[in-house]
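The values are calculated or read from the model by the stated rules, or taken from the named source; none is laboratory data. Predicted model only: the values in this text are computed from it and were never measured. Every residue, glycine among them, receives a Cβ derived from its backbone with ideal geometry; neighbour counts consider all protein chains shown. The accessibility values were calculated without ligands, DNA or RNA, using every heavy atom of the protein model including side chains. Shrake-Rupley method; radii C 1.70, N 1.55, O 1.52, S 1.80 Å.
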Amino acid sequence: MREKLLFISAENPFPQDSGGKLRTGNILNIVLAKYDVDLLTYRNSRISPTVDTADSALTIHEVDCTVSYRKAMLRSLYKRRNCSYMSHVDLDMSSKIRELCNQTDYRHVFISHSLLGYCIDIVTRILPEAMIISDAHNFESGLSLQLAEKKKGLAKVYFTMNAWWTKQDELKLLKRTDLLLTTSEQDGLSFKELSPQNADKVHVIPNFIRMDNYRYDKCATKEEWIILPGNMNYFPNVNAATYFYEEIYPLIKAQIPGIKWYIVGRDVHPDVAALAEKDNSIVITGYVDSVADYIRRAKVVIAPLREGSGTRLKILEAWALKTPVVSSTKGAEGLIYNHTGDIFIADDPRSFAESVVTLMQDHDRGVVMADRAHQTMLAHYEAESVRDKLLSLV
């Protein structure tokens, strides 16, 4: 009989319709090769009809989320913790964590997000010998500080405090967890600098994908589309969309008047929704069952981010589907790449626009770039490339 592992995630990874869910689900899939897993997560209204439970090795335990973002923001003021609802799972998950830990003597517990650090105390009070593995996803205090820099007045004060609280939480997490996984060397170094005495706990497990989820169709028709995929309520993506619209898109449209720009992702922010109202060449899909279907048909995937942390799974998806990418340096941060070889990197509007136009108009160059990027992805970011390292840690 295999050992059981408790896997705690605020986001139900099924369906895998965001970068965070992709990472959580892909790590979970590898862990299932070694353990039977009890997954504790929030209830999801959009459940995938085809959840791979690895021959019943996965048991899902769901709780209802009672913490709205507004409630989390107010509670953060007197709890002095990050305002994300993930930071307040102790309201909803604590009783279920205690129940599961009393029922099963877990020797390994996986915490899928640094903002869930408060779960560790709940677990260790019952199972003090359990090994705790935490997956950071992002360097959240850095992200919070980037958000604060964009704010003004009281909002700036609030989010600056939020960044400080988050930094203190990350310090506590490093002290309490046994292992801390990060998505990139940059994030790993940021955590190590927070607490040099705990630096040996930090290990990089890059974002990765499972190729069996990305069937390349060489006969797929490429449209006169560019595509920006991602969660459209995540502030780096919102700011990227508005920046691209104001500074870059007019330069592209001047050379390719018939172009269409697809913004594909869930939870569309009002600032993003407003773009389609201003320009009928912009199509905002909202939530879709398969972002891959749109990436296959686009000529170029764009990642004009100027903020963020971790690495962009949407770039890896584009590489898997052999669609060329134009990105800012920040957008491609943490990834192994060769500029002009398997991706175009551009940090000013004119260079970014020229790179997009080149790929839209030169099909052969796009094919060569996409093929090289596909090989880079297979070498460094396909599940089998990280499987052994992950299983050796957990």
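Working only within the range 73-86, note down all residues that are farther than 17 Å from residue 168 by Cβ and surrounded by 13 or more Cβ atoms within 10 Å (Cβ to Cβ).
If the condition is that a residue be farther than 17 Å from residue 168 by Cβ and surrounded by 13 or more Cβ atoms within 10 Å (Cβ to Cβ), then 73, 85 are the ones that fit.
The conditions are (1) surrounded by 15 or more Cβ atoms within 10 Å (Cβ to Cβ); (2) in a helix (DSSP H, G or I); (3) of a type in the set (Lys, Arg), and residue 350 fails exactly one of them. Which is it?
(1) is the only condition that residue 350 fails.
Please verify whether residue 193 is open to solvent by 10 Å² or more (accessible area, probe 1.4 Å), of a type in the set (D, E, K, R) and closer than 24 Å to residue 283 by Cβ, treating the condition exactly as stated.
No: the conditions fail for residue 193.
Please give the number of the condition residue 110 fails out of (1) closer than 20 Å to residue 310 by Cβ; (2) part of a helix (DSSP H, G or I).
Checking residue 110 against (1) closer than 20 Å to residue 310 by Cβ; (2) part of a helix (DSSP H, G or I), the one that fails is (2).
Contact list please: Cβ distance under 7 Å, first residue in the range 375-394 and over 17 Å from residue 24 (Cα atoms), second residue among the aliphatic types (A, V, I, L, M) and open to solvent by 80 Å² or more (accessible area, probe 1.4 Å), pairs at least six apart or on different chains.
376/336; 380/336
Among the residues in the range 86-106, are any part of a helix (DSSP H, G or I), within 25 Å of residue 142 (Cβ to Cβ) and at pLDDT 95 or above?
Within the range 86-106, not a single residue is part of a helix (DSSP H, G or I), within 25 Å of residue 142 (Cβ to Cβ) and at pLDDT 95 or above.
Within the range 282-302, which residues are over 13 Å from residue 264 (Cβ atoms) and not in a loop (DSSP other than H, G, I, E, B)?
Residue satisfying the conditions is 300 alone.
Considering only residues that are aromatic (Phe, Trp, Tyr) and open to solvent by less than 30 Å² (accessible area, probe 1.4 Å), which ones fall in the range 87-138?
106, 110 - these are the residues of the range 87-138 that are aromatic (Phe, Trp, Tyr) and open to solvent by less than 30 Å² (accessible area, probe 1.4 Å).
When you scan the range 314-323, do you find a residue that is in contact (Cβ under 8 Å) with a residue 40 or more places away in the chain, touching a His at 6+ places or on another chain (Cβ under 6 Å) and either open to solvent by less than 10 Å² (accessible area, probe 1.4 Å) or over 17 Å from residue 232 (Cβ atoms) (or both), even just one?
Taking every residue of the range 314-323 in turn, at least one turns out to be in contact (Cβ under 8 Å) with a residue 40 or more places away in the chain, touching a His at 6+ places or on another chain (Cβ under 6 Å) and either open to solvent by less than 10 Å² (accessible area, probe 1.4 Å) or over 17 Å from residue 232 (Cβ atoms) (or both).
Is it the case that residue 37 is open to solvent by less than 50 Å² (accessible area, probe 1.4 Å) and part of a strand (DSSP E or B)?
The answer is yes for residue 37.
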